[in-house]
1. Condition (residue is at pLDDT below 90 and farther than 17 Å from Leu68 by Cβ) applied to segment 34-52: is it met by at least one residue?
2. Looking at segment 30-44, I want the residues that are surrounded by 20 or more Cβ atoms within 10 Å (Cβ to Cβ) and have a partner that is part of a helix (DSSP H, G or I) and acidic (Asp, Glu) with Cβ atoms under 6 Å, at least 6 apart or on another chain. Which pairs are those?
3. Return the residue satisfying two criteria in turn: it lies in segment 47-73 and is surrounded by fewer than 16 Cβ atoms within 10 Å (Cβ to Cβ) and small (Gly, Ala, Ser), and of such residues it is nearest to Val97 (Cα to Cα).
4. Does Ala18 satisfy the condition of being within 26 Å of Leu103 (Cα to Cα) and free of Cβ contacts under 8 Å to residues at least 40 places away in the same chain?
5. Any residue in segment 64-79 that is farther than 17 Å from Asn48 by Cα and among the β-branched types (Val, Ile, Thr) sitting within a Cβ distance under 7 Å of a residue that is surrounded by fewer than 19 Cβ atoms within 10 Å (Cβ to Cβ) and at pLDDT below 90? List the pairs, counting only those 6 or more apart or interchain.
6. Within segment 45-63, how many residues are free of Cβ contacts under 8 Å to residues at least 12 places away in the same chain, of a type in the set (A, V, I, L, M, F, W, C) and assigned to a loop (DSSP other than H, G, I, E, B)?
Amino acid sequence: MENTRTSNRNFGMMAWGAIFVWWGITELFSLPSGMDVIGFGLIFLGVNGVRALNGIPTKDLTTMLGILALVWGGLDLAPLVLHLPFKLPVFAIWLIVLGVTLLAFVPLRVRKTNFGNLS
């Protein structure tokens, strides 16, 4: 139990270190808009992947933040890559994805805690 707690703490610290390094890189170099947020999302999802591979429960918050960051970064990059003749309503789309993500996590949490099985 203590080993799991220590590993989880170490993974969290490594993720924060990676976030600050990535943030510094994005400030130093001129990357396309959205690349910074995509990097954050990949770090959040990556640390949960490492947790899962090591048998440590993943964190719902960082999974949700990782998904939202990937969507936000993708929406920021879309006009650049797709050469759209109009501006995407990034914030409105992001709010919709946030709501859908929150709604999707409710059944997962109920299933994880067996709260839905009252018999």
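1. No: segment 34-52 contains no residue that is at pLDDT below 90 and farther than 17 Å from Leu68 by Cβ.
2. Gly34/Asp76
3. My answer is Gly49.
4. no
5. Every condition considered, the pairs that remain are Val71/Trp94; Val71/Val97.
6. Matching residues across segment 45-63 total 0.
The values are calculated or read from the model by the stated rules, or taken from the named source; none is laboratory data. Because the structure is predicted, anything quoted here is derived from the model rather than measured. Neighbour counts are summed over all protein chains in view; Cβ atoms, including those assigned to glycine, are modelled from backbone coordinates with ideal geometry.
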